[in-house]
1. Just one of (1) farther than 21 Å from residue 73 by Cα; (2) open to solvent by less than 40 Å² (accessible area, probe 1.4 Å) trips up residue 45, so point out which.
2. In segment 93-112, is there at least one residue being open to solvent by 100 Å² or more (accessible area, probe 1.4 Å), farther than 30 Å from residue 55 by Cα, out of contact with any Leu (no Cβ under 6 Å at 6 or more places or on another chain) and at pLDDT 95 or above?
3. Collect the residues in segment 2-56 that are over 20 Å from residue 71 (Cα atoms), without any contact (Cβ under 8 Å) to a residue 40 or more places away in the chain, among the hydroxyl-bearing types (Ser, Thr, Tyr) and not in a helix (DSSP H, G or I), keeping them in residue-number order.
4. So is residue 78 at pLDDT below 95, exposed (fewer than 12 other Cβ atoms within 10 Å of the Cβ) and in contact with a helix residue (DSSP H, G or I) (Cβ under 8 Å, 6 or more places away or on another chain) or not?
5. Does any residue in segment 95-120 that is under 22 Å from residue 64 (Cβ atoms) and touching a residue at least 24 places away in the same chain (Cβ under 8 Å) come within less than 9 Å, Cβ to Cβ, of a residue that is among the acidic types (Asp, Glu) and open to solvent by 100 Å² or more (accessible area, probe 1.4 Å) six or more places away or on a different chain, and which pairs are these?
6. Looking at 99, 118, 17, which is the one that is under 30 Å from residue 5 (Cβ atoms) and of a type in the set (D, E, K, R)?
7. Quick one: in segment 50-75, which of the residues that are under 8 Å from the mean Cα position of the chain (by Cα) and open to solvent by less than 50 Å² (accessible area, probe 1.4 Å) is farthest from residue 25 (Cα to Cα)?
Amino acid sequence: MTKKEEKTYSISELAKEFDITTRSIRFYEDQGLVSPLRKGQTRIYSNRDRVRLKLILRGKRLGFSLAETGQLFELYDVDKSSVTQLNTMMKLIEQKKAELHQQMDDIKVVLMELVTVEKRCRDILAETKPQTLPKQQD
């Protein structure tokens, strides 16, 4: 496919595909994360925009802020082979990995605490005699 024949997407197609609002997509555009072409008032999104949108949403699920995602996009766009850019990207990745490992540790602690509280509740319920309901009169 040549550049002219590249598949394009409307904002509503992308919103439907990723189950987000068109307003969200416009917000990402305002943040400079996607840059659709314009034909009058109509936005025309390229496959690059679609991939970026997918990465934005994945990054959000993984805890990346939009600023962090934008920084990664900028680093990648400037020079895909620059040692400086790659080292900066590696630092960002290491920071995010450290944050995610800390979150995993925190989640494990909370899960253990919940299991302990749940066990106490079950023990107390088991010790408590069930209340009998008064007999119904016919």
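1. (1)
2. Yes, because at least one residue in segment 93-112 is open to solvent by 100 Å² or more (accessible area, probe 1.4 Å), farther than 30 Å from residue 55 by Cα, out of contact with any Leu (no Cβ under 6 Å at 6 or more places or on another chain) and at pLDDT 95 or above.
3. Matches in segment 2-56: 2, 8, 10, 21, 42, 45.
4. Yes; evaluated as a whole, the condition is true for this residue.
5. none
6. Being under 30 Å from residue 5 (Cβ atoms) and of a type in the set (D, E, K, R) holds for just one of 99, 118, 17, which is 17.
7. 63
The values are calculated or read from the model by the stated rules, or taken from the named source; none is laboratory data. Computed from a predicted model, the values in this text were never measured in an experiment. Note that each Cβ is placed from the backbone with ideal geometry, even for glycine, and that neighbours are counted across all protein chains shown. Note: areas computed on protein heavy atoms with side chains; ligands, DNA, RNA excluded. Shrake-Rupley method; radii C 1.70, N 1.55, O 1.52, S 1.80 Å.
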